[in-house]
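Asks: Sending over a structure as structure tokens; questions will come in a sec.
The values are calculated or read from the model by the stated rules, or taken from the named source; none is laboratory data. Bear in mind that the values here come from a model prediction, so they are computed numbers and not experimental data. We place every Cβ from the backbone using ideal geometry, glycine too, and count neighbours over all the protein chains shown.
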Amino acid sequence: MRTIYLDYAATTPCDQRVFNEMAPYFCDTFGNPNSLHAFGIAALEGLDAARIRVKNLIRSKFEETIFTSGATESNRISIIRTMRSLSKSGKNHFMTLKTEHKSVLDCADYLKRNGCDITLLNVQKDGLLDLNYLAESIKDTTGLLSVCFVNNETGVLQNIKKIAEVCHSKNVLLHADATQAFGKIPIDVNLLDVDFMSASGHKIYGPKGVGVLYFKSSNKKLIRVPGANQEVEFGIRAGTVPVALCVGCGKAAEIAMSEQNDNLNRYKKFREKFIKKITSELDEIYVNGSSEHNYPGIVNMSFRGCEGEALMKEASGIAVSSGSACTSNKLTISHVLDAMNIPADIAQSSLRITFGKPTSESDVDVAAAELIKAAKKLRAMSPVWDIIMSGLDVDKVFVDIGCRN
Ligand code: PMP
């Protein structure tokens, strides 16, 4: 029996049209785009065309759009280089949310170890950032705020435009980690007024190993690569550009733009159907994150009384994730759900189900049926479920019987 893949927020398969577009750039049009001869010029043409496709998707300018090795690198360039530059003029306070992707939290950690002042902002129970709280948290020394546009674990969609207004009214720059938003929802960097934005190719049916960084021209001086000889990508990176990967990312961006509405509409229907099926058969189901402000392709659901990892193993006909893919080999409560103040036993029973282009309506039905069956089986064996059903406070019982302090 085939396993149904429902982990498209972790990565996506390469679209055959993307693969076909990339193929000639490995063996035929293999030149270095920095070379001045015909081979170099042909490669540069491919690179330029790819950049145009990406800039069309996010409505940026050509010279404000570069390729990187992935969103992790785009995040690191935006955050670490910007803060290094701003710190020189006393703006050494960096802010981000507690619910960010690890690649951003790692940057905060690095900056802290290197003398920056760091604030990890709380979110509300629905995962959204409160704008008044944001405004109050900004100091005279705040240089940059980094916010995830669509959260990779919950799909919660932050109001980036409003967040940018608050930041800019207080002379703070804004970086948006748009890895889970790029190509999936409409993005216009001018309307959003972000200063930096990160994205990735492999979340939109492009190849792995290529990402995008958008920056406003006025901020370019903050992120230029320090002292490199082999400058590429408008002086933001150094080394030889992987043209084939960039071409793939460009094609993926073009396809994403043309198919965005259809995909969004399908995922909205899938989300509704999936939640309805599960909640009609099972009690104590929680959908984590804002029900109003979300990207419908990501559903984060808790099956109280079932441990998330156990549920994943039991429902072996589907490939989903518990917590995010980057942390799922650790049996810890998701830092995202924890920051949303979701009780530990509910957070521990969460799964992330994400839909993608190959997902069919019958996949959604099969996945819901598998999870219902698995949850019923696990609950029948679970002492925690008995405690929940008896109406007792699980956390208190755990303390009483000495399982938790
Ligand atoms: N930010 C977010 C929100 C992500 O979901 C991911 C991928 N899990 C990344 C950053 C890192 O992306 P990449 O794999 O392209 O480095």
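Asks: Inspect all residues belonging to the stretch 73-88 and state whether any of them is under 25 Å from Ser290 (Cβ atoms), part of a strand (DSSP E or B) and within 11 Å of the ligand (Cβ to nearest atom).
Replies: Within the stretch 73-88, none of the residues are under 25 Å from Ser290 (Cβ atoms), part of a strand (DSSP E or B) and within 11 Å of the ligand (Cβ to nearest atom).
Asks: Looking at the stretch 116-124, can you tell me whether even one residue there is modelled with pLDDT of 95 or more, of a type outside the set (Ser, Thr, Tyr) and under 17 Å from the mean Cα position of the chain (by Cα)?
Replies: Applying the first criterion (modelled with pLDDT of 95 or more) to the stretch 116-124 yields 116-124.
The next check asks that each one be of a type outside the set (Ser, Thr, Tyr); those that pass are 116-118, 120-124.
From the residues that got through so far, the ones that are under 17 Å from the mean Cα position of the chain (by Cα) too are 123.
Yes: the stretch 116-124 contains one or more residues that are modelled with pLDDT of 95 or more, of a type outside the set (Ser, Thr, Tyr) and under 17 Å from the mean Cα position of the chain (by Cα).
Asks: Oh, and also: Taking the stretch 245-276 as the region of interest, how many residues are under 12 Å from Arg51 (Cα atoms) and touching a Pro at 6+ places or on another chain (Cβ under 6 Å)? Quick ask: steps written out before the conclusion?
Replies: As a first pass, look at the stretch 245-276 and keep what is under 12 Å from Arg51 (Cα atoms): 245-254.
Now narrow it down to the ones that are touching a Pro at 6+ places or on another chain (Cβ under 6 Å): 245, 248.
Adding up the residues that qualify gives 2.
Here's the yes/no breakdown for (1) surrounded by 13 or more Cβ atoms within 10 Å (Cβ to Cβ); (2) farther than 30 Å from Ser362 by Cβ:
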residue	(1), (2)
Arg2	no, no
Ala10	yes, no
Phe30	yes, yes
Gly40	yes, yes
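Asks: With respect to the numbered conditions (1) touching a residue at least 40 places away in the same chain (Cβ under 8 Å); (2) part of a loop (DSSP other than H, G, I, E, B); (3) farther than 22 Å from Glu21 by Cβ; (4) within 16 Å of the ligand (Cβ to nearest atom), which one is the sole condition not fulfilled by Pro186?
Replies: Result: Pro186 passes all but (4).
Asks: Does Leu392 satisfy the condition of being out of contact with any Gly (no Cβ under 9 Å at 6 or more places or on another chain), free of Cβ contacts under 8 Å to residues at least 60 places away in the same chain, assigned by TED's automatic domain parsing to the domain that holds Lys269 and not in a helix (DSSP H, G or I)? Before the answer, list the steps.
Replies: On the way: out of contact with any Gly (no Cβ under 9 Å at 6 or more places or on another chain): yes; free of Cβ contacts under 8 Å to residues at least 60 places away in the same chain: yes; assigned by TED's automatic domain parsing to the domain that holds Lys269: yes; not in a helix (DSSP H, G or I): yes.
The answer is yes for Leu392.
Asks: Has the stretch 121-128 got at least one residue that is among the β-branched types (Val, Ile, Thr) and out of contact with any Leu (no Cβ under 7 Å at 6 or more places or on another chain)?
Replies: Within the stretch 121-128, not a single residue is among the β-branched types (Val, Ile, Thr) and out of contact with any Leu (no Cβ under 7 Å at 6 or more places or on another chain).
Asks: Given the conditions (1) surrounded by fewer than 21 Cβ atoms within 10 Å (Cβ to Cβ); (2) touching a residue at least 24 places away in the same chain (Cβ under 8 Å), and given that Ile285 satisfies all but one, which numbered condition is not satisfied?
Replies: (2)
Asks: Further, regarding this structure: Taking the stretch 256-273, which residues are in contact (Cβ under 8 Å) with a residue 40 or more places away in the chain and either assigned by TED's automatic domain parsing to the domain that holds Gly155 or within 19 Å of Leu57 (Cα to Cα) (or both)?
Replies: Result: Ala256, Met257, Glu259, Gln260, Asn263, Leu264.
Asks: Here's something else I'd like to know. Find the residue count for the stretch 333-358, including only residues that are of a type in the set (A, V, I, L, M, F, W, C) and either free of Cβ contacts under 8 Å to residues at least 40 places away in the same chain or assigned to a helix (DSSP H, G or I) (or both).
Replies: Residues meeting the conditions: 7.
Asks: With respect to Ser35, is the statement that it is in contact with a Cys (Cβ under 9 Å, 6 or more places away or on another chain) and surrounded by fewer than 22 Cβ atoms within 10 Å (Cβ to Cβ) true? Even if it seems obvious, please write down each step before you answer.
Replies: Values: in contact with a Cys (Cβ under 9 Å, 6 or more places away or on another chain): no; surrounded by fewer than 22 Cβ atoms within 10 Å (Cβ to Cβ): yes.
Spelling it out, it is not the case that Ser35 is in contact with a Cys (Cβ under 9 Å, 6 or more places away or on another chain) and surrounded by fewer than 22 Cβ atoms within 10 Å (Cβ to Cβ).
Asks: Picking from Ser146, Ser169, Ser218, which residue would you name as being assigned by TED's automatic domain parsing to the domain that holds Glu73 and within 11 Å of the ligand (Cβ to nearest atom)?
Replies: The conditions single out Ser146.
Asks: Check the stretch 264-277 and report whether any residue there is in a loop (DSSP other than H, G, I, E, B) and modelled with pLDDT of 95 or more.
Replies: no
Asks: Do the conditions hold for Thr179, that is, is it within 16 Å of the ligand (Cβ to nearest atom), in a loop (DSSP other than H, G, I, E, B), more than 13 Å from Val336 (Cα to Cα) and of a type outside the set (A, V, I, L, M, F, W, C)?
Replies: In short, yes.
Asks: Condition test on Gly289, is it within 16 Å of the ligand (Cβ to nearest atom) and either over 19 Å from Ile346 (Cα atoms) or in the same structural domain as Met340 (by TED's automatic domain parsing) (or both)?
Replies: Here the answer is yes, as Gly289 does meet what is asked.
Asks: Of the residues Asn219, Asn171, which is surrounded by fewer than 16 Cβ atoms within 10 Å (Cβ to Cβ) and not hydroxyl-bearing (Ser, Thr, Tyr)?
Replies: Just one listed residue meets the conditions, Asn171.
Asks: I've got another one for you. Taking Gly402 as the residue in question, decide whether it is buried (at least 16 other Cβ atoms within 10 Å of the Cβ) and either at pLDDT below 95 or not in a helix (DSSP H, G or I) (or both).
Replies: No; evaluated as a whole, the condition is false for this residue.
Asks: Give me the pairs: first residue in the stretch 109-127 and outside the structural domain of Ala347 (by TED's automatic domain parsing) and surrounded by fewer than 17 Cβ atoms within 10 Å (Cβ to Cβ), second residue part of a loop (DSSP other than H, G, I, E, B) and aliphatic (A, V, I, L, M), beta-carbon distance under 6 Å, and six or more apart or on different chains, which are they?
Replies: Pairs found: Lys125/Met340.
Each row is one residue, and each column tells you yes or no for (1) assigned by TED's automatic domain parsing to the domain that holds Ala23; (2) surrounded by fewer than 22 Cβ atoms within 10 Å (Cβ to Cβ); (3) touching a residue at least 24 places away in the same chain (Cβ under 8 Å).
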| site | (1), (2), (3) |
| --- | --- |
| Glu45 | yes, yes, no |
| Ile52 | yes, yes, yes |
| Thr68 | yes, no, yes |
| Thr72 | yes, yes, yes |
| Arg76 | yes, yes, yes |
| Ile80 | yes, yes, yes |
| Ser87 | yes, yes, yes |
| Phe94 | yes, no, yes |
| Glu100 | yes, no, yes |
